[in-house]
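Here is the structure we will look at, set down as structure tokens.
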């Protein structure tokens, strides 16, 4: 799903304007053992390119259809994309409002909207999901580590540990639970490398990765937009922790700033960049220290939609695409904390979707001309029961991806806008 763009030299990046964001000079520690593997670029085939073009307007249309549920309390259940077929499936409990018909009538040529009845609304399913986690989650001594409201509104899907699978099937019947999957619990993937300011998405930090660089609304109208990096909460132990890049070309890690805030329920953390240092609304694509790295501008956001395709670009395993979102809006119980707004994706060929060290890294989709990216999520882990061959620096990898929805993260933290339009550094 991605097309290679011409890499920019660091001197070119720094000469192109006022800096609002990030870069990384990559060097490999002597202890790194994994050989560089193949980079599965997003638009590596004609079919991938066509799917990326088709998906972009479908995602925009899905946003319009969901916006018809403006009260948040009506019958909207979910949206499922059939990208190859060009169909946006809308599921609604009761009668869908006229606004959905208006949006459907404006669908681009070749894209159809089909409206289906749903047994439950998204709100009803989420309320029951919260109750199940509270009473049967790992943190309550139970067997459930995942609850996913199904996008077709048919009910809930539970994920239980494999050893607890039999017990889960004998648990009291719940009319909203339509199926239970025995599976490995999600595993956080902690572990591109060092460089000086400006800092971009996809760089290595403290054994993890950075997702996207953003700016926050100015305080007290002083006109100053503080520079921030978004990453995963589980990568750090406390607010105030120092944040560094990996080893740099000059021989040591570079201090970026410190952890300003942590919110485990969205498995997200905000990194405050030190005064005199900057971030840019670009992110790293390509491999890890193999000469294939390059950057692309982040020009907006994309909602996680069931059936849509995303890519990842963690600092330890590089870029991986053809990851199809199979579940959205999941709640995960890690035993120590609960994470919400989690989406799950599977790499279509069973190859690597994320590896250890990629936690906190970017999940993204492409614009229809492949020149830019849309921020879709923050990597928070993988499934050790679905192992995949690792690439580059990761030593433990999975064909399944767990990530937090970036729009939810951005809204929660009050990140006012995405930098990235224009040449890097503007």
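Here are some notes:
- All of (1) under 16 Å from the mean Cα position of the chain (by Cα); (2) closer than 23 Å to residue 198 by Cα; (3) surrounded by fewer than 24 Cβ atoms within 10 Å (Cβ to Cβ) hold for residue 383 with one exception: (2).
- Listed by position, the strands (runs of 3 or more DSSP E) contained in region 92-170 that have at least 1 residues being at pLDDT 90 or above, touching a strand residue (DSSP E or B) at 6+ places or on another chain (Cβ under 8 Å) and closer than 19 Å to residue 180 by Cα are 144-149, 156-160.
- Residues of region 306-321 that turn out to be at positive phi and at pLDDT 95 or above, as a count: 1
- Residue within region 340-353 that is surrounded by fewer than 24 Cβ atoms within 10 Å (Cβ to Cβ), touching a helix residue (DSSP H, G or I) at 6+ places or on another chain (Cβ under 6 Å) and on the phi < 0 side of the Ramachandran plot present: yes
- Answer residue from region 55-74, given it is modelled with pLDDT under 90 and buried (at least 17 other Cβ atoms within 10 Å of the Cβ) and is farthest from residue 118 (Cα to Cα) among those: 68
- Residue check, residue 256 modelled with pLDDT of 85 or more and within 17 Å of the chain's Cα centre (by Cα): no
- Index of the failed condition, residue 291 passing every other in (1) surrounded by fewer than 22 Cβ atoms within 10 Å (Cβ to Cβ); (2) out of contact with any helix residue (DSSP H, G or I) (no Cβ under 6 Å at 6 or more places or on another chain); (3) on the phi < 0 side of the Ramachandran plot: (3)
- Annotation note: of 246, 240, the sole residue that is more than 21 Å from residue 410 (Cβ to Cβ) and either modelled with pLDDT under 85 or within 23 Å of the chain's Cα centre (by Cα) (or both) is 246.
- Take the conditions (1) touching a strand residue (DSSP E or B) at 6+ places or on another chain (Cβ under 6 Å); (2) under 26 Å from residue 147 (Cα atoms); (3) surrounded by 23 or more Cβ atoms within 10 Å (Cβ to Cβ); (4) modelled with pLDDT under 95; residue 356 misses just one of them, which is (1).
- Matching residues, region 356-371, being closer than 15 Å to residue 286 by Cα and out of contact with any helix residue (DSSP H, G or I) (no Cβ under 6 Å at 6 or more places or on another chain): 358, 361, 362, 363, 364, 365, 370, 371
- Some residue of region 395-404 being over 18 Å from residue 315 (Cα atoms) and touching a helix residue (DSSP H, G or I) at 6+ places or on another chain (Cβ under 9 Å): no
The values are calculated or read from the model by the stated rules, or taken from the named source; none is laboratory data. Worth saying up front: this structure is predicted, and the values here are computed from it rather than measured. Ideal geometry is used to build each Cβ from the backbone, glycine not excepted, and the neighbour counts take in all protein chains shown.
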